[in-house]
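The values are calculated or read from the model by the stated rules, or taken from the named source; none is laboratory data. Since the model is a prediction, treat every value here as computed from it, not as a measurement. Cβ placement follows ideal geometry from the backbone for every residue including glycine, while neighbour counts extend to all protein chains displayed.
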Amino acid sequence: MPYMTNGKRDYKKEYRKYHSKASVKKRRALNNKANRKKGTYGNGDGKDVAHKDNNVRNNNSKNLTLKSPSRNRSVPRTKTGKRRK
């Protein structure tokens, strides 16, 4: 982990260095918007909105589907570690 201090994760440093960036905030806001659009934001159903074309900026309803978090947050990769297309 890049934000480790004495073997423990430093959440404050991680937020300052990464999560406070404008581009990350915008991406998070777009993901929240897509979740609200599908009606799964904050309702406790345990589902995530998945973007079929993997473009988080495309919140067209035809591009959105519901998936379990484990399926949505895993990225299929090749043997060399690159993302599959």
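Selection over region 18-33 of residues that are surrounded by 11 or more Cβ atoms within 10 Å (Cβ to Cβ), over 11 Å from the mean Cα position of the chain (by Cα) and either within 30 Å of M4 (Cβ to Cβ) or modelled with pLDDT of 90 or more (or both) gives a count of 5. Among the residues making up region 1-17, those that are under 23 Å from S70 (Cβ atoms) and surrounded by 11 or more Cβ atoms within 10 Å (Cβ to Cβ) are R9, E14.
Annotation: of all residues in region 34-57 being within 12 Å of the chain's Cα centre (by Cα) and either part of a helix (DSSP H, G or I) or at positive phi (or both), the one that is surrounded by the most Cβ atoms within 10 Å (Cβ to Cβ) is A34. Being at pLDDT 80 or above, more than 22 Å from H19 (Cα to Cα) and touching a Lys or Arg at 6+ places or on another chain (Cβ under 8 Å) is the filter here; which residues of region 63-82 pass it? Once the filter is applied, which keeps residues that are at pLDDT 80 or above, more than 22 Å from H19 (Cα to Cα) and touching a Lys or Arg at 6+ places or on another chain (Cβ under 8 Å), region 63-82 yields N63, L64, T65, L66, K67, S68. Can you name every residue in region 1-33 that is more than 30 Å from N60 (Cβ to Cβ) and either among the basic types (K, R) or assigned to a strand (DSSP E or B) (or both)? Within region 1-33, M4, T5, K8, R9, K12, K13, R16, K17 meet the criteria. Residues that are closer than 15 Å to R27 by Cα and either surrounded by fewer than 11 Cβ atoms within 10 Å (Cβ to Cβ) or free of Cβ contacts under 8 Å to residues at least 12 places away in the same chain (or both) within region 58-75 comprise N58, R73, listed in sequence order.
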